[in-house]
Every structure is written in structure tokens, then in C-alpha cells.
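Here is the structure we will look at.
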Amino acid sequence: MNTLALGPQWLDPDYLITTFGLIGVLVIVFAESGLLIGFFLPGDSLLFTTGLLVTTNKMDKPLWVVCALVVLAAVLGDQAGYLFGRKVGPSLFKRPDSRLFKQENVEKAHEFFEKYGPKSLILARFVPIVRTFTPIVAGVSRMNYRSFITFNVIGGTLWGAGVTLLGASLGNVEFVHKNIEAMLVAIVLISVIPIAIEYLRARGKSRKAGAVTAAGERGRHARR
């Protein structure tokens, strides 16, 4: 199975699974679920591809085992992110930008957490980038640990097992089986939609803020 290259080969789900197997999938799921360096990893398309490869017998592992291990990796990843957030605390919001770290990603996750509360741990699972930083922000905010564990497990199960089972289910559909490459491209594009919407929304806010500032400047000059 050859997928259409949408980026570097090392971000291609098929390449990652073929090269590193199930262990590679679990490491990536863990990293993307709560490590700062994991935000760019292809979580959704990777899980979908994993399920598809299992159901087409290209991955020699029982589906229930794969789902259970993926969920475990997702839950442990969020756990690591939460503990990191508790340890680092507010200093995370003062950390300067770098090649792999952007302050705006933390701010977006913080806004998401503030807006949806504990259930953000479930919702964020389905939003690329935000899902990486939300458990960290939960730790920074000192979210009640029992509540965190509850929502972490629910979110990890719905996302980890859900997306994997979706790939496995659609893998049995003849159209999907014959158009695997197109389906993987579609999954990647769908996973990018939330990022695009967030970018356009932020751009709109920036333009409005600029327009208000410019109007204020013109008003001050007119009064002089």
C-alpha cells in the first residue's frame, strides 16, 4: 500500500507502521497525547491506518489487543502531560518560542480548557495540536486528579479505540479497500480542518483588533 505523500516520509502513517510496527504506533500515540514535542505527529491518520491494516491482515495482531494497547498509550500520554504541567506550572506560559514550541499552542489549549472545563480532555482528543497541550494545561491549572483520570480514560478510549475501529470497519468496505490511498488522504485532510478553522478565526480576530486600533489612532489624530 502506497500513500500519497502529503509531507515528509517520516510523517506518512503507512511508512511509520511498516517501519516501526505496533511499538512505533504506541510510542507516537503516547507522545502526541501529552509530550510537548508530539504535537506535529499524525495521530488520527495513524490510528485509522492501523485499524485498516489490522482488518486487511497486513498487521499480524488481534484488533482488540491493538485497541487496548492504543488506549493505554493514549491514557498514559495524557497522564505524563498532566504531571509535567503540575511540575512546570505557570512558567510554561512564560517559555519563549522555539522551533518546536509555540506559545500560541499553549494559549489555544488553555482557552479550550477554560471554555469546556474537564470535558475538554474528551473533546480535545479529536482536535490536532490541542490534544497534546490540553492535559499539560490541566496539570498547570491543578485540575482535580480524580476528575482528570476519569475524563482522561473516557477520552483516551473514545479516541484511541474509536478511530482505530473506524479504520478497521471501513477497511471491510470494498470501495475503501480499493481506494485506500484516497481514504488516508481524506482522513489527513479532515484532521487538518480544525487547525485551519482555528487559524482563520485567529486571523479574523487579529484583523478586527488591527482595525479597532487603526480607528482609535485616526480618532485621536482627528481630535488634535
So which pairs qualify, if the first residue must be in region 61-75 and among the aliphatic types (A, V, I, L, M), the second must be not in a helix (DSSP H, G or I), the Cβ gap must be under 8 Å, and the two must be at least 6 apart or on different chains?
Val66/Met59
Just name the residue that is least open to solvent (accessible area, probe 1.4 Å) out of those in region 36-68 that are closer than 15 Å to Phe133 by Cβ and more than 11 Å from the chain's Cα centre (by Cα).
Leu36
Which of the residues that make up region 17-35 are more than 23 Å from Ala109 (Cβ to Cβ) and crowded, with 23+ Cβ neighbours inside 10 Å?
Val25
In region 118-156, the residues that are surrounded by fewer than 19 Cβ atoms within 10 Å (Cβ to Cβ) and polar (S, T, N, Q)
Ser141, Asn144, Ser147, Thr150
Counting only helices (runs of 4 or more DSSP H) wholly inside region 130-185, the ones holding at least 1 residues that are at pLDDT below 85 are 130-140, 162-171, 174-178
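The values are calculated or read from the model by the stated rules, or taken from the named source; none is laboratory data. From a predicted model like this one, the values you see are computed outputs, not experimental measurements. Please note: Cβ atoms are built from the backbone with ideal geometry, for glycine as well, and neighbour counts cover all protein chains shown. Ligands, DNA and RNA are excluded from the accessible area calculation, which covers all protein heavy atoms including side chains. Shrake-Rupley method; radii C 1.70, N 1.55, O 1.52, S 1.80 Å.
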